[in-house]
Each structure stands twice: as C-alpha cells, then as structure tokens.
Amino acid sequence: MKQHEAEAAYQRALDWIHSRGRFGIKPGLQRMEALLALLGNPHRQLRYLHIGGTNGKGSVAAITAAVLQASGYSTALFTSPYILSFTNRMSIDGRDIDGSELVQLVEQLRPLVEKIAEDERLGPMTEFEVVTALAFAYFARKQPDMVVLEVGLGGRLDATNVVTPLVSVITNVTLDHTQVLGETIRDVAREKAGIIKTGVPVVTGALEPEAQQVIAGTARDRRAPLFYALPSGESAPPGAKCAFAARREIIPEGQLLDYEGYNWSFRGLFIPLRGRYQVGNTALALAALEQLAACGFSFPEEKLRQGLAGTSWPARLEVLRRKPLLIMDGAHNPAAMRELALSLPEYFHYRRLILVLGVMADKDLSMVDFILPLADVAILTRPDLARAADPEMLAAFIKERFSREIIVEPKVDRALAAALALAGDDGAVLVTGSLYTVSEARACWQNL
C-alpha cells in the first residue's frame, strides 16, 4: 500500500473510532462482553495489573510499566486519553501500535460492532468500549508478559472491568465525573472499588475515611487482601498493611525518594517526574510491584532503579521550554489542581505566571480557585472538542474570582502564542485544565 493510501486508511479508521463518540458515555459491561465473545475473548489470554482511581492512574501505570520493562518483561500499556497521537493509547515496550495494524484491527472489529448495535438489548457501542476492545485484540496478538491497564471512568461499569488481574490498584478517591459516579465520596468509592476481584490483592492510596471504609468493605466481602501505599506522614486505618514513600530531595530533573514497603526497603530512588503527588504515585507503583513479586515476578534492585529513572509520562508538570518557562500539566479536577498549585513554587522560580486554561464543560469549575492566586494573567481557551467549556462562559465565572487581566482566545495555538509573548524570558507559562488542552498545546508549541 502506498504511503498516501496507508495514511488515508488510517484516517478512515480513526474517523470511524471517533464516530462512536456520538453515543456518549454508557456505563455497563454487557456490550463489551458481547463484543469480546465474538472476538474469541482475547482478554482472557493475558495477565493484568488493573489501575483505577480518580487521579494518578496514568503516572502509576507509566511507573509500573517502566519497571516491568526494565526488569525484562514484555509490557503492554493501555492509557487514556492520548497526548500526541491516538496510537499512544496502546503500546508494548514503549512502542505505540503501528497505524497499519490499527487499521487491520478496525476492519476486524467493525462488522462485529455493527452486529452488536443491531441487538436492541445492547445498542451501539461507545468510543471507549471500541478502543478498549481494540487494545485487547492487539495485546492478544502480541502476547506480552504483562498488561498494565488503566481504567477509563469509574471502575465497576468501566469497559476495562472485564478482566481478572493479578493485582488491582485504586490510586485515590475524590469527586470527579459526579454526574456519572455519584455526588459523594462514598458513591464514587463504590464505583472505584468495583474493580476489586475475589481473592485478588488490591493496593490503594485512598486517604478519605469514607473511601477507605468502602474499599475495605468491598475487599473484605471479596476476600481480597488489602494493602495501603501512602506518602510518608499520612495514616492508614489501624492495623492496615501499609507502605510509605518519602521525598528526600527535589532536584531539577525530578526528585529522590525513600521507600519502605511490606518487604522492600530502598533509599535514594530517582524518579524523573516532578510534583508532590508523584511521591504517593511512586509508593503505589512500588507497592503494586511488590504484589506482583509475590506472584512470581522478579525485580532486581538495579533494574528497579533503572526503570524508575527511565519513567516518562508527559503533561505532568512537564517542562517543554526554559525561556520563557513553559509548563504543561493535565490537572482537571479540584484535587489535581490543588496538588499542581502546591507543587509549582517548589520546583520553579519565575517573575510572573501566565495561565492558559481550557477545561471541559462537565468539570467542577471551582478547581480554578487553587491555581488563580498564582497567576498574573489568565488566558482562557478551549480545545477542539464538543465537551469543552466555552471560554466566554469560563471568563464570566472567573471574573468574580480574579482581579487581574483576563484574555479570551478560543484557539489553543493563539492562546499559547499570546502567553509566551506576555511571559518574556524570565516569566512562565502554565497550560492546564484538561489533558485535551495540553494535547493541543503540545502539538503546536515548537512552531511558535
């Protein structure tokens, strides 16, 4: 196939996948189970580390995948959303799925997806369901030693929850997607705890007492051994098995951590991910790896350190430029924005901060209260997505909270260009509010 024909076929495949987005979010496993049955249940041929929670899922997935790979295991990684290319969502040993292979898989799945849609009891499949099924089919072809699988939304009814993993991880529980998951911490925790399987160890970083109670109750009901992994200084319930990570030193390239686990103890671990929140994420990743070690996996200390040091995860306090300082972070809910605001002054020094903010319309806009006090100018924009909040509406919301300059620039590339011009060499630009906003900004910043 000539290159232009291959590119056209790839674009048609993407267009078909994205066309499923019009069916929105429809929690439930029946459609997924029906499609996978038609495919021969490829998901049952693989071993999984299943990662749910509100924030930190992607970072924990990236860390565990990096250590598994460094330790000699062929490792598949499934995450969402993507940052630069759709193919980022499914990779093996750090290599994204090839476009031609994605086209083949879409051709295989498309008639089956259409068959599902004809069943009145099931109805049409959503985009995330189709993408997850594509990942299962792709990974089954390649047969990696381990699949690190990130939950899309919630847990109990998420399309990924058709697997029985070796270990489950619930990073934390805060309010997000309340229109789907519920209005209280307890409601959200029930959905997150839905990934706990009978007899399968579960590691959590949940700090809220209500969330801890729900997770512990679910684990007890399903006879699943429960472990906690937390930043040093936080406390687990009395009698709980808990691992801790403590930050030893902040360095320009990242941070040095100490880890005290259930069986492991390490000092001076280097992780090239910035932010206070990455301490807890690293604790969770290492605790999950300890549970995999109990399942027969081997992680020599030299390889473990190598994997941690080689971890890469974009759009988390990511620095793309120094003059002016250009920082991108995908914080998109109050808990994540609070952590971002606390971490910024720890890592960066600048004369003034220009904030480029684009959020989704269904998010809790009160998250801006954490980041606005740090900004000198707020430039409001929107990614090219139907779910994105109108920047004029966002400006009206922020006007009551922010007495400094507000600029509305609907196009992300123009918003970023304006921010870089305003910052000057000794200023900083922060792009945040949504991974979709960051994705668009990341795609264009080198041309500005």
Q) Within the group Ala315, Ala335, which residue is touching a Ser or Thr at 6+ places or on another chain (Cβ under 9 Å), of a type in the set (A, V, I, L, M, F, W, C), on the phi > 0 side of the Ramachandran plot and at pLDDT below 90? A) Ala315
Q: Would you please list the contacts, defined by Cβ atoms under 8 Å and residues six or more apart or on different chains, that run from a residue in region 340-355 that is at pLDDT below 95 to a residue that is crowded, with 16+ Cβ neighbours inside 10 Å and among the basic types (Lys, Arg)?
A: Leu342/Arg276; Ser343/Arg274; Ser343/Arg276; Glu346/Arg276; Tyr347/Arg274
Q: Go through region 260-308 and count every residue that is assigned to a strand (DSSP E or B), over 24 Å from Ser168 (Cβ atoms) and touching a Gly at 6+ places or on another chain (Cβ under 8 Å).
A: 1
**Q.** So Val214, is it of a type outside the set (Phe, Trp, Tyr), outside any loop (DSSP other than H, G, I, E, B) and more than 30 Å from Arg267 (Cβ to Cβ)
**A.** yes
**Q.** Selection count, region 23-58, where residues are outside any helix (DSSP H, G or I) and either free of Cβ contacts under 8 Å to residues at least 40 places away in the same chain or over 19 Å from the mean Cα position of the chain (by Cα) (or both)
**A.** 9
(Q) Among the residues that make up region 92-108, is at least one of them basic (Lys, Arg) and either over 27 Å from the mean Cα position of the chain (by Cα) or in a strand (DSSP E or B) (or both)? (A) yes
Q: Output the residues belonging to region 385-440 that are farther than 24 Å from Leu325 by Cα and of a type in the set (Lys, Arg).
A: Arg387, Lys399, Arg401
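Select from region 116-158 the residues that are under 12 Å from Gly52 (Cβ atoms) and assigned to a loop (DSSP other than H, G, I, E, B) and list them in ascending order.
Step one: of region 116-158, the residues under 12 Å from Gly52 (Cβ atoms) are 149-158.
Scanning region 116-158 gives Val151, Gly152, Leu153, Gly154, Gly155, Arg156, Leu157, Asp158.
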Q) Only one of these conditions is not met by Ile17: (1) outside any helix (DSSP H, G or I); (2) among the β-branched types (Val, Ile, Thr); (3) not assigned by TED's automatic domain parsing to the domain that holds Leu304. Which number is it? A) (1)
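Among the residues of region 315-332, write down those that are part of a loop (DSSP other than H, G, I, E, B) and crowded, with 20+ Cβ neighbours inside 10 Å.
Ala315, Arg316, Leu317, Pro324, Asp329, Gly330, Ala331, His332
The values are calculated or read from the model by the stated rules, or taken from the named source; none is laboratory data. If you're wondering where the values come from, they're calculated on a predicted model, not measured in any experiment. Because the Cβ atoms are built from the backbone with ideal geometry, glycine has one as well, and the counts that use them run over all protein chains shown.
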